[in-house]
1. Cβ-Cβ below 7 Å, separation at least six or inter-chain, first residue in the stretch 23-51 and modelled with pLDDT of 85 or more, second surrounded by fewer than 11 Cβ atoms within 10 Å (Cβ to Cβ) and outside any loop (DSSP other than H, G, I, E, B): which pairs?
2. So in the stretch 164-176, with the set limited to residues that are of a type in the set (V, I, T) and modelled with pLDDT of 85 or more, which one is least open to solvent (accessible area, probe 1.4 Å)?
3. Scan the stretch 135-166 for residues that are closer than 18 Å to V93 by Cβ and aliphatic (A, V, I, L, M) and report the count.
4. Identify, please: which residue in the stretch 89-119 is of a type in the set (G, A, S) and outside any helix (DSSP H, G or I) and is, among those, nearest to the chain's Cα centre (by Cα)?
5. Which pairs turn up if I take residues in the stretch 123-152 that are modelled with pLDDT of 85 or more and look for partners that are outside any helix (DSSP H, G or I) with beta carbon separation below 6 Å, at least 6 apart in sequence or on another chain?
6. So in the stretch 111-163, with the set limited to residues that are surrounded by fewer than 17 Cβ atoms within 10 Å (Cβ to Cβ) and of a type in the set (V, I, T), which one is farthest from P63 (Cα to Cα)?
7. Inspect the stretch 76-88 for any residue being modelled with pLDDT under 90, surrounded by 13 or more Cβ atoms within 10 Å (Cβ to Cβ), in a helix (DSSP H, G or I) and touching a helix residue (DSSP H, G or I) at 6+ places or on another chain (Cβ under 6 Å) and give the result as yes or no.
Amino acid sequence: VCLVIYGVWGAKLCNYLPLTWNDSTGYWLWVRQFSHYGFNTGYNYPNELMPAAEFNRFGEGSPFFVYLYGGLGLLVGWVPHLPILINFFLLAVCLYLFSRSARLAIEQNLVLGLVLLVSWPILLFMATTSHETLNQAIAIGMAGIFLKLIRGQDFSARSKIILVLLVCLAGLVRLS
């Protein structure tokens with residue numbers, strides 16, 4: 001992704017701004033707004049329709065994506081390319097954890113890298129502000145956890161409860 005951004009387009013990550021109106025632009029605006037104002041923001045809904053859940057001030061879907069990315073913006077400070085950096089970080093951490101839990105050899109890690117290199121949904125959404133990269137990172141992380149379960153590794157009761165909560169939270173990231 002960085003090779004295309006820097007090498008092909010001659011741009012920089014710090015130049016990132018969504019230019020065409022689509023879902024990614026809306027999410028970027030919501031994340032930026034939450035990064036600046038937290039829960040003290042106005043309401044952002046299509047056609048000014050208010051949702052049934054009063055705590056959600058950001059669109060008709062789940063606000064957890066905006067809270068997660070915007071919360072990180074509150075902690076580290078907002079820059080326009082922050083969502084992309086979060087995507088890079090989340091995907092890298094989950095891939096590392098999967099590789100460790102699967103106990104992949106060097107050759108297998110290289111094949112995993114090649115598979116990811118030709119997986120256009122991962123490459124396409126990594127440089128946008130949308131739920132997809134977060135969902136992909138969660139799926140890769142869950143694959144590592146389920147691989148451990150399939151291999152028969154024992155989990156403590158606490159770990160099982162945390163796993164169930166993570167699965168529930170993953171389902172809340174994107175309700176559609």
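The values are calculated or read from the model by the stated rules, or taken from the named source; none is laboratory data. Model, not experiment: these values are computed from the prediction. Positions of Cβ are backbone-derived with ideal geometry, glycine not excepted, and every protein chain shown enters the neighbour counts. Side chains are part of the model used for accessible areas, which takes the heavy atoms of the whole protein and leaves out ligands, DNA and RNA. Shrake-Rupley method; radii C 1.70, N 1.55, O 1.52, S 1.80 Å.
1. Close Cβ pairs satisfying both conditions: none exist.
2. My answer is V167.
3. Looking only at that region, the number is 11.
4. Restricting to residues being of a type in the set (G, A, S) and outside any helix (DSSP H, G or I), the top hit is S119.
5. L123/V1; M126/V1; A127/V1; H131/R174
6. Of everything passing the filter in the stretch 111-163, V111 is farthest from P63 (Cα to Cα).
7. No, there is no match, as no residue in the stretch 76-88 is modelled with pLDDT under 90, surrounded by 13 or more Cβ atoms within 10 Å (Cβ to Cβ), in a helix (DSSP H, G or I) and touching a helix residue (DSSP H, G or I) at 6+ places or on another chain (Cβ under 6 Å).
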